[in-house]
Amino acid sequence: MLSAKSLFQEILDNDESYRLFCSIAASGESQGGWENARIAALVPESERALAPKIARHGADEDKHGRIFNALLKKRGLEPVGVPPETDYTMLLERHGIGLAHEQLAADQPLTVRDVITYLAHSRVTEQRAAEQMAMLLKYFADHPDLGRAVRMISADEDNHLAYSHEELLRYAAAGHGPYIRRTLRECALAEIRVHRDVSLAVMAHMGRLLGWSRTRSALLAAGIHAMYAAERLAGWRRMVTLRTPERRDALGGPATAAPEVA
């Protein structure tokens, strides 16, 4: 049966596929931590009030990376190199989404538009992250190894999504609405393509590790393409709407400590 729960359970039950899953997740989260830390350091003077929230976002991402590495350690596993075709963060950058690492590695202050670009990127990618963690939470909230980690990361992703909504609405009210709408649309349409490509690559690697039949691999690939088609038709629009979040000032405090998982 090709249910999401059975698929993830199979990945979690095998050391090599679990190793790849956690390694990909840890790498992506760590990259996000570095990016947010650099953005917090480079925000222009006029936007310095936002810097602590961006830094908190980065601290959360760093924490998530440590959690996935701790999950590996608990199983007695070492991280594996992340195949480039599965590197969601870097593939988004190559599509021109968000702020380039080259720009963030320099010491030039960002502009207000740069900050809005970062927030639009966060709005779209945190939507994806929140949805993925909600799915894992649905199936594995009580898992003996993953449960605490999934609950904490899911709550953090919800906070990140709320924060990006709130800050973009603030900038829209200040007159940046047209740029925000255009940037959100560009980011969302690129993200759904990257997500499709990364999903296909990850499933191909998992299939080889788990010995899936050609038929099963083909069915999973067809499902990924069908999801992309639905997102390209209309689903991408959920990533570009802005609403006042129920959780206000979601990143207004310090990051919570990582749960003990190892």
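The values are calculated or read from the model by the stated rules, or taken from the named source; none is laboratory data. Just so it is clear, the model here is predicted, and its values are computed rather than measured. Backbone-built Cβ (ideal geometry, glycine too); neighbour counts: all protein chains shown. Accessible surface areas use protein heavy atoms only, side chains included; no ligands, DNA or RNA. Shrake-Rupley method; radii C 1.70, N 1.55, O 1.52, S 1.80 Å.
State all residues of the stretch 176-233 that are open to solvent by less than 20 Å² (accessible area, probe 1.4 Å) and either over 19 Å from A129 (Cβ atoms) or modelled with pLDDT under 95 (or both); if no residue qualifies, say none.
G177, I180, M206, G207
Does E131 qualify as being touching a residue at least 12 places away in the same chain (Cβ under 8 Å), assigned to a helix (DSSP H, G or I) and of a type in the set (D, E)? Reasoning before the result, please.
Working: touching a residue at least 12 places away in the same chain (Cβ under 8 Å): no; assigned to a helix (DSSP H, G or I): yes; of a type in the set (D, E): yes.
When the stated conditions are applied, E131 does not pass them.
If you check L91, L119, which single one turns out to be open to solvent by less than 60 Å² (accessible area, probe 1.4 Å), in contact with a helix residue (DSSP H, G or I) (Cβ under 6 Å, 6 or more places away or on another chain) and more than 22 Å from G252 (Cα to Cα)?
Working: L119 fails: more than 22 Å from G252 (Cα to Cα).
From the options L91, L119, the qualifying one is L91.
Conditions tested, residue by residue: (1) buried (at least 21 other Cβ atoms within 10 Å of the Cβ); (2) within 30 Å of L220 (Cβ to Cβ); (3) modelled with pLDDT of 95 or more; (4) touching a Pro at 6+ places or on another chain (Cβ under 6 Å).
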{"site": "M1", "(1), (2), (3), (4)": "no, yes, no, no"}
{"site": "E16", "(1), (2), (3), (4)": "no, yes, yes, no"}
{"site": "A41", "(1), (2), (3), (4)": "no, no, yes, no"}
{"site": "A55", "(1), (2), (3), (4)": "no, no, yes, no"}
{"site": "E78", "(1), (2), (3), (4)": "no, yes, yes, no"}
{"site": "V82", "(1), (2), (3), (4)": "no, yes, yes, no"}
{"site": "D87", "(1), (2), (3), (4)": "no, yes, yes, no"}
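(1) in contact with a Lys or Arg (Cβ under 9 Å, 6 or more places away or on another chain); (2) modelled with pLDDT of 95 or more: which one isn't true of T241, the others all being true?
Status for T241: all satisfied but (1).
Tell me, which residue of the stretch 166-175 that is more than 17 Å from L99 (Cα to Cα) and hydrophobic (A, V, I, L, M, F, W, C) is most open to solvent (accessible area, probe 1.4 Å)?
Out of the qualifying residues, it is A173.
Can you tell me which residues in the stretch 145-174 are within 16 Å of V240 (Cβ to Cβ), in contact with a Leu (Cβ under 7 Å, 6 or more places away or on another chain) and of a type in the set (D, E)?
Selection gives E167 alone.
Which of the residues that make up the stretch 122-136 are surrounded by 20 or more Cβ atoms within 10 Å (Cβ to Cβ) and farther than 20 Å from R185 by Cβ?
Residues satisfying the conditions are M133, L136.
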